[in-house]
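K.L.:
Below is a structure I'd like to ask you about.
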Amino acid sequence: MTVSLIGAFLAAVAYGAATILEAIGVRQLAALPQGSPWRDRMPGAGIYLCGLIVDLVGFLLSAAALRRLPLFLVESAVASSVAITAVLAVFLLGVRLHRSEIIALGGVGAGLVLLAVSAKEGPPQAVGHLAGWLLLLAAGAVALILLVGWRMAADRESSAAVLALGAGAGFGLMGVAARIIVIPDHWWQWFTEPTFWALIAHGGLALTAYGLALSRGRTTTVAAVTFATETVLPAIIGLTLLGDGVRQHLWAVAGVGFALALGSCIALAQRAEPEPAAGQSC
């Protein structure tokens, strides 16, 4: 379990750094006049691209962790990336943490320790190809949420909240796909696996929704809604449908740890609001 836990926490570090990069990049691009030449867009696009690359690294680390650890633990660890964002905001953006936020940082750490102690290690139960097709079908629902949020451009804050909900659902279901996917014997068999296509679809939709949400609303709101959705949804699916387990007599510990980690992450989301910085690049 130790190696998988390290992978999950390294994924949180990667996601936290990516949030800072993506938010700065999106804001720089949004500040440019419409029709600006590509040369002017390069700095912001470069920063955002760096964020996406770091996101990919985070996903690969979390996907590896999901081979052995339950969704509620890994997704909670990934959501704790907002704590990494808060710390990076202090060192890179000059943000000062208040006492309540320092307490929340401790809450994230304590919650993750409780989850790590209570989680039962092991692969998910076999679910067959039907689960992959259902996940692929669910991508249509995420796409619908994205479309609704995109068309609400007149109300930017509401639009951002809906888009963040879609992003959280997409990221969460991408985690479910990574948890249940069966590694094929030959590389070409990936393309016949519905879970593989579901993973790609949810990842693409989630990144699109997240980027749009960051451009329309406060990063605080976007981070809180996204992290809450991508943590709670897969946790429910894992515990009820995939056989994710808790060690005997430790359900209360797991519940307290989950609530503490998630609540602290949402509280810390207010530190995820970086100001655009000129001249920053990868």
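The values are calculated or read from the model by the stated rules, or taken from the named source; none is laboratory data. Source: prediction; values computed, not measured. A quick note on method: Cβ atoms are made from the backbone with ideal geometry, for glycine too, and the neighbour counts reach across all protein chains shown.
K.L.:
Could you please let me know if Ala45 is crowded, with 24+ Cβ neighbours inside 10 Å and either free of Cβ contacts under 8 Å to residues at least 24 places away in the same chain or not hydroxyl-bearing (Ser, Thr, Tyr) (or both)?
P.N.:
No; evaluated as a whole, the condition is false for this residue.
K.L.:
May I ask you to verify whether Leu136 is assigned by TED's automatic domain parsing to the domain that holds Ala164, under 25 Å from Ala177 (Cβ atoms) and in contact (Cβ under 8 Å) with a residue 60 or more places away in the chain? Steps first, answer last, please.
P.N.:
Working: assigned by TED's automatic domain parsing to the domain that holds Ala164: yes; under 25 Å from Ala177 (Cβ atoms): yes; in contact (Cβ under 8 Å) with a residue 60 or more places away in the chain: yes.
Criteria met by Leu136.
K.L.:
Is at least one residue of region 3-11 more than 17 Å from Phe171 (Cα to Cα) and among the polar types (S, T, N, Q)?
P.N.:
yes
K.L.:
Right, another one. Look through Ala18, Ala8, Ala14 and report the one residue that is in contact (Cβ under 8 Å) with a residue 12 or more places away in the chain, of a type in the set (Gly, Ala, Ser), out of contact with any Asp or Glu (no Cβ under 8 Å at 6 or more places or on another chain) and in a helix (DSSP H, G or I).
P.N.:
On the way: Ala18 fails: out of contact with any Asp or Glu (no Cβ under 8 Å at 6 or more places or on another chain); Ala14 fails: out of contact with any Asp or Glu (no Cβ under 8 Å at 6 or more places or on another chain).
Just one listed residue meets the conditions, Ala8.
K.L.:
Separate question: For Arg68, which of the numbered conditions (1) modelled with pLDDT of 85 or more; (2) in a helix (DSSP H, G or I) fails to hold?
P.N.:
Evaluating Arg68 over (1) modelled with pLDDT of 85 or more; (2) in a helix (DSSP H, G or I) leaves (2) as the failure.
K.L.:
Residues of region 229-251 being touching a helix residue (DSSP H, G or I) at 6+ places or on another chain (Cβ under 6 Å) and part of a helix (DSSP H, G or I), which ones? Outline the logic, then answer.
P.N.:
Of region 229-251, the ones touching a helix residue (DSSP H, G or I) at 6+ places or on another chain (Cβ under 6 Å) are 229-231, 233-235, 237-238, 244, 246-247, 250.
Residues satisfying the conditions are Thr229, Glu230, Thr231, Leu233, Pro234, Ala235, Ile237, Gly238.
K.L.:
Is it true that Arg68 is surrounded by fewer than 24 Cβ atoms within 10 Å (Cβ to Cβ) and touching a helix residue (DSSP H, G or I) at 6+ places or on another chain (Cβ under 7 Å)? Let's see the steps before the verdict.
P.N.:
On the way: surrounded by fewer than 24 Cβ atoms within 10 Å (Cβ to Cβ): yes; touching a helix residue (DSSP H, G or I) at 6+ places or on another chain (Cβ under 7 Å): yes.
Answer is yes for this residue.
K.L.:
Still on this structure, I have one more. Given Ala267, Ala254, Ala224, which one is modelled with pLDDT of 90 or more and assigned to a helix (DSSP H, G or I)?
P.N.:
Working: Ala267 fails: modelled with pLDDT of 90 or more; Ala224 fails: modelled with pLDDT of 90 or more.
That would be Ala254, the only listed residue that is modelled with pLDDT of 90 or more and assigned to a helix (DSSP H, G or I).
K.L.:
Going through region 192-245 one residue at a time, which ones are surrounded by 21 or more Cβ atoms within 10 Å (Cβ to Cβ), of a type in the set (A, V, I, L, M) and within 20 Å of Val117 (Cα to Cα)?
P.N.:
Once the filter is applied, which keeps residues that are surrounded by 21 or more Cβ atoms within 10 Å (Cβ to Cβ), of a type in the set (A, V, I, L, M) and within 20 Å of Val117 (Cα to Cα), region 192-245 yields only Ala235.
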